[in-house]
Amino acid sequence: MLNWLQNKTSSVMPEPSSVDSSSDASSGSMPARQLTLFAVTGAVCVSNVYLAQPLLDSLAKDFNVAPAAIGAVVTATQVGSVLALLLIVPLGDRYARARLMRLQLIGLVLALLAVAMAGSYLLLMGAMVLVGALGTAMTQGILAYAASAAAAHERGRVVGATQGGVVIGLLLARVWAGGVADLLGWRGVYLASAVLVAGIGLVAWRRFPMLPASPSSLSYPQLVGSTLALLRTDRVLLRRGILGLLLFAAFNVFWSALSLPLTAAPYSLSHSAVGAFGLLGAVGALAAGRAGRWVDRGRSRQASAVALLLMLVAWAPLAGTRWSLWWLIAGVVVLDLGCQALHVTNQALILRGPAESHGRLIACYMLFYAVGSGAGAVASTMVYGWGGWMAVCVLGAGISVLALVFWAVTEPGRSGDCADANAASTTAMT
């Protein structure tokens with residue numbers, strides 16, 4: 001398959017209407033229709049990674065698996081996500097992104113159909129790994145694709161808008177899965193998603209801009225090996241990756257423990273009601289676009305500072321959850337605004353490097369995300385069992401303080417991120 005793709009991409013040349021990733025401000029802005037397609041595709045693809053979470057009880061009954069063990073289905077999708085970051089996402093730096101995206105879209109449709117038709121628990125787990133891998137590869141590949149297709153002067157805006165679509169897709173995944181499952185059962189959820197992915201794929205097939213294949217001469221093993229090597233050569237990636245790790249650790253400290261106080265007295269809310277709080281995170285999509293524009297204007301320091309302060313301040317109203325749900329609502333909005341703004345700022349800065357390294361840069365950054373998310377989730381439930389909700393808020397605030405201090409100590413200066421990105425360009429291309 002890789003040989004076939006290489007043969008195909010070796011003949012790809014920039015067409016008259018194609019987007020040249022090396023173009024600058026003179027090339028104008030990305031059309032709104034094109035940007036919307038990137039955002040919608042990202043939303044549809046990322047949703048598939050999270051569809052199983054509200055369906056676990058149905059899966060446990062269908063496959064006669066103990067409720068305590070059915071969580072392994074979610075683990076399977078996460079295993080697929082990590083494999084995609086290491087083995088699939090970097091391919092975008094070697095082959096023409098349009099053709100690669102098309103192949104991945106076809107693969108994702110087939111993986112969703114495999115889940116829907118799984119006749120045994122073993123087949124289900126294997127198909128879930130594929131859904132996690134291809135859904136993640138498409139999502140992160142779309143972000144890198146959008147950054148490569150954008151002119152340099154609008155890259156932050158484009159990345160922010162695409163990330164906003166990803167945020168909305170992630171939030172609506174559970175709502176979509178629950179609603180379709182009530183009508184068609186859990187298998188109907190995956191069949192409907194396969195149709196949805198196929199539909200967006202048909203549009204993307206014709207509308208994705210044709211970018212030239214990367215001039216990189218790295219073999220596949222060298223390409224994969226060079227992914228982690230970027231951590232040694234790209235100072236922006238390392239610094240922003242550590243910030244991302246702390247960001248997602250704090251984020252998951254909150255969300256992993258939230259259901260524990262809300263399902264207990266005095267609130268005793270249902271799981272559906274608890275899940276509805278996640279919809280408040282849609283506000284974060286607004287922060288994503290604004291943060292991207294700030295980076296385009298050379299205001300990454302201000303964007304980072306505001307985001308980190310919002311993350312820290314959010315824990316004050318969140319600590320008041322036991323007295324009023326209004327405090328919780330305010331805290332969720334502020335925390336998500338800060339987290340999404342910092343996330344987009346991080347991505348926009350690391351993607352200032354050359355287009356031929358965007359896939360590997362995104363893959364490396366999201367590995368920090370995976371570590372931070374996992375550590376935050378584990379620490380959250382342990383701390384809650386020890387000291388309750390207030391201890392969780394102290395932990396989250398402590399991580400936020402650590403992130404703020406780390407940024408303040410390592411921030412190089414007004415133009416430091418640009419300088420670091422330029423310094424890393426040569427090593428990222430090899």
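The values are calculated or read from the model by the stated rules, or taken from the named source; none is laboratory data. These numbers come from a predicted model, not from an experiment. Neighbour counts run over all protein chains shown; Cβ positions are idealised from the backbone, glycine included. Ligands, DNA and RNA are excluded from the accessible area calculation, which covers all protein heavy atoms including side chains. Shrake-Rupley method; radii C 1.70, N 1.55, O 1.52, S 1.80 Å.
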TODO: Heavy atoms only, probe 1.4 Å: what % of the accessible area of the stretch 169-249 goes to carbon and sulfur, would you let me know?
DONE: 69
TODO: Please identify the helices of the chain, taking whole runs of DSSP H, that span at least 27 Å along their own axis as judged from the Cα atoms and have a mean Kyte-Doolittle score of 0.0 or higher.
DONE: 97-116, 121-149, 155-207, 235-257, 325-350, 358-410
- [ ] Mind grabbing the accessible area of Val405 for me, 1.4 Å probe, Å², rounded to tens?
- [x] 80
- [ ] Please give the contour-minus-distance gain from Met382 to Val274: 0.36 nm per residue of separation, less the Cα-Cα distance, rounded to one decimal in nm.
- [x] 36.9 nm
TODO: For the stretch 251-342, just the Cα set please: Rg and Dmax, both in angstrom.
DONE: 14.5, 48
Task: Rough spin-label spacing in nm, given labels placed 7 Å along Cα→Cβ, for Trp323 and Ala265 - done: 2.2
Open item on the list: Multiplying the sequence separation of Ala282 and Thr410 by 0.36 nm and subtracting their Cα-Cα distance, what value in nm do you get?
Closed with: 43.0 nm
- [ ] Could you pull the Cα extents of the stretch 130-213 along its three principal axes, largest to smallest, in whole Å?
- [x] 46, 23, 21
- [ ] Please calculate how many Å² of accessible area the stretch 257-364 carries per residue, with a 1.4 Å probe and no DNA, RNA or ligand atoms counted.
- [x] 37
TODO: Would you mind checking which residues have amide H under 5 Å from Thr263's amide H? H placed 1.01 Å from N; only 5 or more apart, or other chain.
DONE: Leu269
